[in-house]
Amino acid sequence: EAGVAQSPRYKIIEKRQSVAFWCNPISGHATLYWYQQILGQGPKLLIQFQNNGVVDDSQLPKDRFSAERLKGVDSTLKIQPAKLEDSAVYLCASSQAGNTIYFGEGSWLTVV
Amino acid sequence: AQSVTQPDIHITVSEGASLELRCNYSYGATPYLFWYVQSPGQGLQLLLKYFSGDTLVQGIKGFEAEFKRSQSSFNLRKPSVHWSDAAEYFCAVAATPGGGADGLTFGKGTHLIIQP
(Lines give C-alpha, C1' and ligand atoms only; values in the text may rest on other atoms or scores of the structure.)
Protein backbone atom coordinates (compact mmCIF):
# COMPACT_ATOMS: atom_id res chain seq x y z
CA GLU A 1 0.00 0.00 0.00
CA ALA A 2 1.37 3.38 -0.98
CA GLY A 3 1.96 5.85 1.84
CA VAL A 4 1.26 9.56 2.10
CA ALA A 5 3.07 11.37 -0.71
CA GLN A 6 4.34 14.92 -0.41
CA SER A 7 6.14 17.30 -2.72
CA PRO A 8 8.41 19.09 -2.98
CA ARG A 9 10.63 17.53 -0.33
CA TYR A 10 12.82 20.61 0.02
CA LYS A 11 12.25 24.27 -0.78
CA ILE A 12 14.28 27.40 -0.12
CA ILE A 13 12.61 30.76 -0.71
CA GLU A 14 13.19 34.36 0.22
CA LYS A 15 10.95 36.09 2.74
CA ARG A 16 7.82 37.61 1.24
CA GLN A 17 7.81 35.03 -1.56
CA SER A 18 5.12 32.40 -1.86
CA VAL A 19 5.32 28.60 -1.73
CA ALA A 20 2.91 25.72 -2.18
CA PHE A 21 3.10 22.16 -0.91
CA TRP A 22 1.16 19.22 -2.28
CA CYS A 23 -0.07 16.12 -0.51
CA ASN A 24 -1.64 12.88 -1.75
CA PRO A 25 -3.06 10.84 1.13
CA ILE A 26 -3.36 7.09 1.41
CA SER A 27 -6.10 5.83 -0.87
CA GLY A 28 -9.47 5.79 0.85
CA HIS A 29 -8.45 7.98 3.77
CA ALA A 30 -11.13 10.59 4.29
CA THR A 31 -9.28 12.65 6.87
CA LEU A 32 -6.25 14.71 5.93
CA TYR A 33 -4.05 16.84 8.18
CA TRP A 34 -1.33 19.41 7.76
CA TYR A 35 1.12 19.75 10.63
CA GLN A 36 3.93 22.27 11.07
CA GLN A 37 7.09 21.08 12.81
CA ILE A 38 9.56 23.79 13.77
CA LEU A 39 13.09 22.62 14.54
CA GLY A 40 13.33 21.35 18.11
CA GLN A 41 9.58 21.11 18.60
CA GLY A 42 6.84 18.58 18.14
CA PRO A 43 4.45 18.80 15.22
CA LYS A 44 1.58 21.25 15.57
CA LEU A 45 -1.74 20.76 13.79
CA LEU A 46 -2.47 23.50 11.27
CA ILE A 47 -5.60 22.22 9.58
CA GLN A 48 -7.73 19.09 9.38
CA PHE A 49 -10.00 18.11 6.50
CA GLN A 50 -12.77 15.54 6.46
CA ASN A 51 -13.25 14.77 2.77
CA ASN A 52 -13.25 18.26 1.24
CA GLY A 53 -14.56 20.10 4.31
CA VAL A 54 -12.51 21.82 7.00
CA VAL A 55 -12.91 20.29 10.47
CA ASP A 56 -10.39 22.40 12.37
CA ASP A 57 -8.24 25.30 11.21
CA SER A 58 -8.00 27.12 14.53
CA GLN A 59 -4.19 27.12 14.50
CA LEU A 60 -3.75 28.10 10.87
CA PRO A 61 -2.36 31.66 10.47
CA LYS A 62 -5.02 32.66 8.00
CA ASP A 63 -3.44 35.97 7.08
CA ARG A 64 -0.71 34.10 5.21
CA PHE A 65 -1.54 30.40 5.13
CA SER A 66 -4.26 28.75 3.09
CA ALA A 67 -5.12 25.14 2.35
CA GLU A 68 -7.60 23.39 0.16
CA ARG A 69 -8.78 19.89 -0.65
CA LEU A 70 -11.14 20.52 -3.51
CA LYS A 71 -12.03 16.98 -4.56
CA GLY A 72 -11.60 15.32 -1.20
CA VAL A 73 -8.34 13.63 -2.16
CA ASP A 74 -5.20 15.70 -2.80
CA SER A 75 -4.50 18.82 -0.82
CA THR A 76 -2.33 21.89 -1.19
CA LEU A 77 -0.96 24.16 1.53
CA LYS A 78 0.10 27.65 0.48
CA ILE A 79 2.09 30.30 2.30
CA GLN A 80 2.01 33.87 0.97
CA PRO A 81 3.94 35.92 1.88
CA ALA A 82 6.45 33.77 3.75
CA LYS A 83 8.21 34.94 6.89
CA LEU A 84 11.46 33.75 8.39
CA GLU A 85 9.57 32.03 11.22
CA ASP A 86 7.75 29.84 8.70
CA SER A 87 10.92 27.81 8.26
CA ALA A 88 9.81 24.33 9.29
CA VAL A 89 8.87 20.88 8.10
CA TYR A 90 5.32 20.66 6.82
CA LEU A 91 3.94 17.20 7.44
CA CYS A 92 0.88 15.86 5.72
CA ALA A 93 -0.95 12.94 7.30
CA SER A 94 -4.09 10.95 6.69
CA SER A 95 -6.40 8.56 8.49
CA GLN A 96 -9.60 6.64 7.94
CA ALA A 97 -12.59 6.61 10.29
CA GLY A 98 -10.74 7.97 13.30
CA ASN A 99 -8.09 5.33 13.11
CA THR A 100 -4.32 5.56 13.18
CA ILE A 101 -2.77 8.60 11.55
CA TYR A 102 -0.07 7.96 8.93
CA PHE A 103 2.46 10.64 8.10
CA GLY A 104 4.30 11.55 4.94
CA GLU A 105 8.02 12.29 4.88
CA GLY A 106 7.44 16.02 5.03
CA SER A 107 8.25 19.11 3.00
CA TRP A 108 11.23 21.02 4.40
CA LEU A 109 10.93 24.80 4.01
CA THR A 110 13.73 27.27 4.58
CA VAL A 111 12.89 30.96 4.36
CA VAL A 112 15.93 33.22 3.98
CA ALA B 1 -6.98 21.25 26.67
CA GLN B 2 -4.72 18.27 26.33
CA SER B 3 -0.93 18.54 26.59
CA VAL B 4 2.13 16.32 26.59
CA THR B 5 5.42 16.85 28.41
CA GLN B 6 8.61 15.07 27.54
CA PRO B 7 11.03 16.17 30.26
CA ASP B 8 14.22 15.02 28.55
CA ILE B 9 15.34 16.97 25.48
CA HIS B 10 18.37 14.73 24.90
CA ILE B 11 19.26 11.27 26.17
CA THR B 12 22.53 9.44 25.53
CA VAL B 13 22.64 5.65 25.90
CA SER B 14 25.36 3.15 25.17
CA GLU B 15 24.61 0.55 22.52
CA GLY B 16 23.22 -2.56 24.18
CA ALA B 17 22.05 -0.69 27.27
CA SER B 18 18.42 -0.31 28.29
CA LEU B 19 16.37 2.77 27.50
CA GLU B 20 13.48 4.62 29.10
CA LEU B 21 11.98 7.79 27.62
CA ARG B 22 9.57 9.71 29.81
CA CYS B 23 6.20 11.10 28.82
CA ASN B 24 3.59 12.82 30.98
CA TYR B 25 0.22 13.87 29.67
CA SER B 26 -2.62 16.11 30.75
CA TYR B 27 -6.09 15.21 29.60
CA GLY B 28 -9.45 15.29 31.31
CA ALA B 29 -10.99 12.16 29.87
CA THR B 30 -9.65 8.76 28.89
CA PRO B 31 -6.46 9.43 26.94
CA TYR B 32 -5.37 7.65 23.83
CA LEU B 33 -1.59 7.63 23.80
CA PHE B 34 1.01 7.14 21.11
CA TRP B 35 4.73 7.02 20.58
CA TYR B 36 6.17 8.03 17.20
CA VAL B 37 9.76 7.93 15.99
CA GLN B 38 11.32 10.30 13.47
CA SER B 39 14.64 9.45 11.86
CA PRO B 40 16.68 12.29 10.32
CA GLY B 41 15.00 13.61 7.20
CA GLN B 42 12.05 11.28 7.56
CA GLY B 43 8.42 11.53 8.54
CA LEU B 44 6.87 10.11 11.68
CA GLN B 45 6.49 6.37 12.18
CA LEU B 46 4.10 4.92 14.75
CA LEU B 47 5.90 2.74 17.31
CA LEU B 48 2.95 1.81 19.50
CA LYS B 49 -0.34 3.03 20.88
CA TYR B 50 -2.47 2.61 23.99
CA PHE B 51 -6.23 2.53 23.76
CA SER B 52 -7.48 0.48 26.72
CA GLY B 53 -6.97 -2.80 28.50
CA ASP B 54 -3.51 -4.10 29.32
CA THR B 55 -1.41 -1.16 30.46
CA LEU B 56 1.79 -2.63 29.02
CA VAL B 57 1.79 -2.18 25.27
CA GLN B 58 4.14 -3.84 22.83
CA GLY B 59 5.23 -2.07 19.68
CA ILE B 60 7.50 -2.46 16.70
CA LYS B 61 11.31 -2.63 16.81
CA GLY B 62 11.29 -4.16 20.31
CA PHE B 63 9.77 -1.14 22.05
CA GLU B 64 7.17 -1.25 24.79
CA ALA B 65 5.38 1.38 26.86
CA GLU B 66 3.52 1.32 30.13
CA PHE B 67 0.45 3.42 30.86
CA LYS B 68 0.19 4.57 34.49
CA ARG B 69 -3.00 6.51 35.07
CA SER B 70 -2.06 7.46 38.66
CA GLN B 71 1.11 9.14 37.41
CA SER B 72 -0.33 10.42 34.10
CA SER B 73 2.61 8.79 32.40
CA PHE B 74 3.27 6.70 29.31
CA ASN B 75 6.99 5.92 29.34
CA LEU B 76 8.69 4.16 26.44
CA ARG B 77 11.22 1.41 27.09
CA LYS B 78 13.56 -0.89 25.24
CA PRO B 79 15.74 -3.52 26.94
CA SER B 80 18.72 -3.19 24.60
CA VAL B 81 19.20 -0.34 22.14
CA HIS B 82 20.85 -0.57 18.73
CA TRP B 83 22.72 2.19 16.89
CA SER B 84 19.81 2.36 14.44
CA ASP B 85 17.52 3.52 17.27
CA ALA B 86 19.16 6.96 17.23
CA ALA B 87 16.32 9.29 16.32
CA GLU B 88 13.78 11.76 17.67
CA TYR B 89 10.96 10.25 19.72
CA PHE B 90 7.60 11.91 20.16
CA CYS B 91 4.85 11.11 22.63
CA ALA B 92 1.33 12.16 21.65
CA VAL B 93 -2.18 12.18 23.08
CA ALA B 94 -5.57 12.22 21.39
CA ALA B 95 -9.23 12.21 22.29
CA THR B 96 -10.11 9.30 20.02
CA PRO B 97 -8.61 5.82 19.66
CA GLY B 98 -6.62 6.41 16.50
CA GLY B 99 -6.15 10.11 16.99
CA GLY B 100 -7.94 10.51 13.72
CA ALA B 101 -11.02 12.46 14.69
CA ASP B 102 -9.33 15.60 15.91
CA GLY B 103 -5.63 15.08 15.41
CA LEU B 104 -2.77 14.45 17.81
CA THR B 105 -1.17 16.70 20.41
CA PHE B 106 2.56 16.09 20.51
CA GLY B 107 5.28 16.64 23.06
CA LYS B 108 8.43 18.47 22.07
CA GLY B 109 10.34 15.26 21.54
CA THR B 110 13.38 13.51 23.01
CA HIS B 111 16.52 13.21 20.93
CA LEU B 112 18.14 9.82 21.47
CA ILE B 113 21.88 9.51 20.97
CA ILE B 114 23.53 6.08 20.91
CA GLN B 115 27.14 5.78 22.01
CA PRO B 116 29.20 2.92 20.55
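The values are calculated or read from the model by the stated rules, or taken from the named source; none is laboratory data. Small disclaimer: the values here were computed from a predicted structure and weren't measured. Because the Cβ atoms are built from the backbone with ideal geometry, glycine has one as well, and the counts that use them run over all protein chains shown. Heads up: the accessible areas ignore ligands, DNA and RNA and are worked out on the full protein's heavy atoms, side chains in. Shrake-Rupley method; radii C 1.70, N 1.55, O 1.52, S 1.80 Å.
Mind checking A:41-51 for the average number of partner chain beta-carbons within 10 Å of each residue's beta-carbon? Spell out each step's value before the answer.
Working: counts 5, 15, 11, 3, 5, 1, 1, 4, 0, 2, 0.
Average per residue, whole number: 4.
Between A:100, A:77, A:28, the Cα set farthest toward the positive side of the dipole of chain A (charges on each charged residue's Cβ, about the Cα centre) is that of A:77. Residues of region B:36-62 buried by at least 50 Å² of accessible area upon assembly of all protein chains, compared with the chain on its own (1.4 Å probe): B:41, B:44.
Here is the interface size for A with B: some 1500 Å² of accessible area buried, both sides summed, with a 1.4 Å probe.
With a 1.4 Å probe rolled over the protein heavy atoms of all chains, the accessible area of A:55, B:57 falls in the order A:55, B:57, largest first.
Over all orientations, region B:46-94 has a Cα convex hull whose mean projected area works out to 3.8 square nanometres. Here's the list of lysines a cross-link from residue A:78 could span, going by alpha-carbon distance under 22 Å and ignoring same-chain residues fewer than 8 apart: A:11, A:15, A:44, A:62.
What ranking, highest mean first, results for peptides B:29-39, A:63-73 when packing means the other Cβ atoms within 10 Å averaged over each residue? Display every interim value, and only then the final one.
Working: B:29-39: 19.9, A:63-73: 15.0.
Going by the mean number of other Cβ atoms within 10 Å, highest first, we get B:29-39, A:63-73.
Per the Debye calculation on the protein assembly as shown with a single equal scatterer at every Cα and no solvent contribution, log₁₀ I(q)/I(0) for q = 0.14, 0.15, 0.17, 0.18 Å⁻¹ amounts to -0.88, -0.99, -1.22, -1.33. Altogether, the Stokes-Einstein calculation at 4 °C and 1.567 mPa s, with the Kirkwood radius of region A:5-111 over Cα pairs as Rh, returns a diffusion coefficient of 95 µm²/s. Let me make sure I get this right: for region B:3-115, a, b and c are the square roots of the gyration tensor eigenvalues over alpha carbons, sorted descending. Under 1.5 in a/c it's rounded, otherwise prolate if a/b > b/c, else oblate. Which is it? Here region B:3-115 falls in the prolate category.
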